[in-house]
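The values are calculated or read from the model by the stated rules, or taken from the named source; none is laboratory data. Computed from a predicted model, the values in this text were never measured in an experiment. FYI the Cβ positions are ideal-geometry reconstructions off the backbone, even for glycines, and counts take in every protein chain you see.
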């Protein structure tokens, strides 16, 4: 069976931990801690080092590594991305500010030439940007942006199946 290291990254509160928890076939290794600053208004906990899970989709074993979303932990991105086979860059479809970090991450990816997908979460939220608009705003091909509900296993596995096609 082929295996693949996938780094799941993006801005704070885009659904990285939820994606891994939902997709994983094993108990997720998580470094969630209670938030003590103003971001506690948004949610109670945040990833401070990484999340790890694994799942098998289409005969491929995916090792899923989630990065922290807060800028003060962004040094973890380079550590986790080392030897990555592919990346998922999550954006909140209802929050244009998450595109700024996505643009920065995509610039880093261009240097590495690592296969990637942009994952548009919160499509069910208030006035979401459609995936085609996100692709245009990020300057990437529309087939590189896929919608996903990280709370739905079928949705996360569909993203991984699509990613698997890029790795062939």
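Every residue in the stretch 1-17 that is surrounded by fewer than 19 Cβ atoms within 10 Å (Cβ to Cβ) and either part of a helix (DSSP H, G or I) or modelled with pLDDT under 90 (or both), please.
Result: 1, single match.
Being crowded, with 19+ Cβ neighbours inside 10 Å and farther than 21 Å from residue 20 by Cβ is the filter here, so list the residues in the stretch 110-130 that pass it.
129 - this is the single residue of the stretch 110-130 that is crowded, with 19+ Cβ neighbours inside 10 Å and farther than 21 Å from residue 20 by Cβ.
Looking at (1) touching a strand residue (DSSP E or B) at 6+ places or on another chain (Cβ under 6 Å); (2) surrounded by fewer than 18 Cβ atoms within 10 Å (Cβ to Cβ), which is the only condition residue 103 fails?
So residue 103 meets the others, but not (1).
Take the residues in the stretch 36-69 that are touching a helix residue (DSSP H, G or I) at 6+ places or on another chain (Cβ under 9 Å), part of a loop (DSSP other than H, G, I, E, B) and more than 17 Å from residue 2 (Cα to Cα); name whichever of them is modelled with the lowest pLDDT.
69
Could you please find all residues in the stretch 111-148 being touching a strand residue (DSSP E or B) at 6+ places or on another chain (Cβ under 7 Å) and closer than 11 Å to residue 92 by Cα?
Residues satisfying the conditions are 118, 119, 120, 121, 122, 123, 131, 134, 147, 148.
Just to verify a result, which residue in the stretch 115-136, among those that are within 25 Å of residue 168 (Cβ to Cβ) and at pLDDT below 95, is nearest to the chain's Cα centre (by Cα)?
Within the stretch 115-136, the match that is nearest to the chain's Cα centre (by Cα) is 116.
Looking at (1) surrounded by 15 or more Cβ atoms within 10 Å (Cβ to Cβ); (2) closer than 24 Å to residue 68 by Cβ, which one does residue 158 not meet, given that it meets all the others?
The number of the failed condition is (2).
Select, from 142, 97, 164, the only residue that is under 18 Å from residue 62 (Cβ atoms) and either loosely packed, with under 13 Cβ neighbours inside 10 Å or more than 14 Å from the chain's Cα centre (by Cα) (or both).
So the residue among 142, 97, 164 that is under 18 Å from residue 62 (Cβ atoms) and either loosely packed, with under 13 Cβ neighbours inside 10 Å or more than 14 Å from the chain's Cα centre (by Cα) (or both) is 164.
Please identify the pairs in which a residue from the stretch 108-119 that is touching a residue at least 12 places away in the same chain (Cβ under 8 Å) has its Cβ atom under 6 Å from the Cβ atom of a residue that is in a loop (DSSP other than H, G, I, E, B) and crowded, with 16+ Cβ neighbours inside 10 Å, counting only partners at least 6 apart or on another chain.
114/84; 119/148
So which of 145, 159, 91 is farther than 15 Å from residue 12 by Cβ, at pLDDT 95 or above and in contact with a helix residue (DSSP H, G or I) (Cβ under 7 Å, 6 or more places away or on another chain)?
145
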